[in-house]
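Notes to accompany the following structure.
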Amino acid sequence: MPLAGPGAQVNQVTNMAAILRYILYPFYLFGGVGLTFLTIGQGWNLNVVHGSFSVFMVASLILLEARFPLERRWAMNWASFQRDLKYMVSGIFTEVALRWTGSGIALFLATYNTPSSTKLMADVPLIPSVLLLILGFEFLQYWFHRICHEMRGGVGTFLWRTHAAHHLPDRVYVLMHVAAHPVNFSVIQGVLTVAAVVLPGFSPESVLVFGIIMGVNGTFSHFNMDIRAGWLNYVFVSTELHRYHHSADMSESKNYGAVTPLWDLVFGTFVYKPGQSPARLGVDNPSAYPHSNEFWKVMALPFRRAKKPNTVPKLSPPTVPPLASSRE
Ligand SMILES: [Zn+2]
């Protein structure tokens with residue numbers, strides 16, 4: 001019996017990657033949602049189950065992309081890991097600050113006997129609630145995200161500079177998805193989430209299911225592995241769609257949705273090229289920006305005085321491809 005050589009090992013890796021590319025995304029997405037339903041039904045501790053699932057998902061995806069990377073040049077390295085840690089700490093501080101602020105506002109409202117939530121949606125059944133949450137949040141998120149990329153003038157430049165922290169990395173992988181400026185993060189968490197999720201008063205269960213879908217998609221969409229989601233790309237924002245959002249080629253860096261591509265499909269910014277990857281990731285003109293590893297310079301970018309309006313080039317011109325031609 002012949003010994004298995006290096007060629008056989010390469011074949012095994014290729015075969016394994018070929019299987020994983022179709023099953024991983026549905027496994028984590030539907031597995032996470034199923035686990036949440038089970039947790040609600042069984043009355044398990046939600047924080048423990050969600051925390052464990054998140055740690056398992058992130059750790060396993062990091063190991064998988066290290067073993068089966070789509071592109072080695074986009075893999076995490078020591079320098080990018082150190083950068084990600086800084087953004088992680090900044091994200092935790094921002095989250096804590098937002099919670100304190102939110103608690104302060106809730107306390108103020110309670111003191112003056114004003115309802116802090118309308119509870120309008122509390123009695124809507126679970127599945128319609130989750131659908132409404134996704135559609136409502138994504139509508140606000142889509143337009144805020146698109147404005148950050150495409151709006152001109154002083155406000156547009158400021159918003160782009162707060163969002164650029166997420167686009168300066170020239171490699172996209174699981175852990176880099178934490179790269180965000182606190183101002184951008186605060187608007188999404190403190191304004192959009194409050195407006196679409198908290199104020200309408202959805203039930204805690206529906207918010208939980210929505211949260212797990214957000215968490216899986218936010219993590220998975222930056223995954224550096226060859227993932228093929230097929231028809232699911234028309235329902236959820238998978239890796240194949242979001243990687244194009246990080247393309248350095250302005251004509252294809254669309255796909256502003258975070259959970260669903262519905263609003264991209266409606267407003268003509270949907271880009272799907274099955275089996276293809278962007279040639280380069282990052283911004284179109286990296287020399288005009290601080291390097292993504294220069295954390296404090298990236299933090300200061302939105303507040304830097306521009307000599308002329310729009311000194312920093314925009315990521316994307318406000319041209320929107322027609323819906324039909326943007327699908328491939
Ligand atoms: Zn973006």
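Annotations for the structure displayed:
- Net charge of Cβ neighbours under 13 Å - reference residue 297; Lys, Arg +1; Asp, Glu -1: +3
- Overall form of the range 17-84 per C-alpha gyration tensor (a/c, 1.5; a/b vs b/c): oblate
- Summarised in one figure, the compactness ratio Rg/Rh of the range 6-326, Cα atoms and Kirkwood Rh, is 0.96.
- In summary, the aspartates and glutamates within cross-link reach of residue 273, defined as a Cα separation below 19 angstrom excluding same-chain residues under 8 places away, comprise 71, 226, 240, 249, 252, 264, 328.
- A simple count of charges around residue 74, restricted to other residues whose Cβ falls under 13 Å of its Cβ and scoring Lys, Arg +1 and Asp, Glu -1, yields +1.
- Cut-off 13 Å between beta-carbons: net charge of the residues surrounding residue 169, Lys and Arg +1, Asp and Glu -1: +3
- Relative contact order, percent, the range 149-250 [alpha-carbon distance under 8 Å, six or more residues apart]: 26 percent
Each reported figure results from applying straightforward, stated rules to the coordinates on display, with no laboratory input. Here the structure is a predicted model, which means the values were calculated and not measured. Note that we place each Cβ from the backbone using ideal geometry, even for glycine, and neighbour counts take in every protein chain shown.
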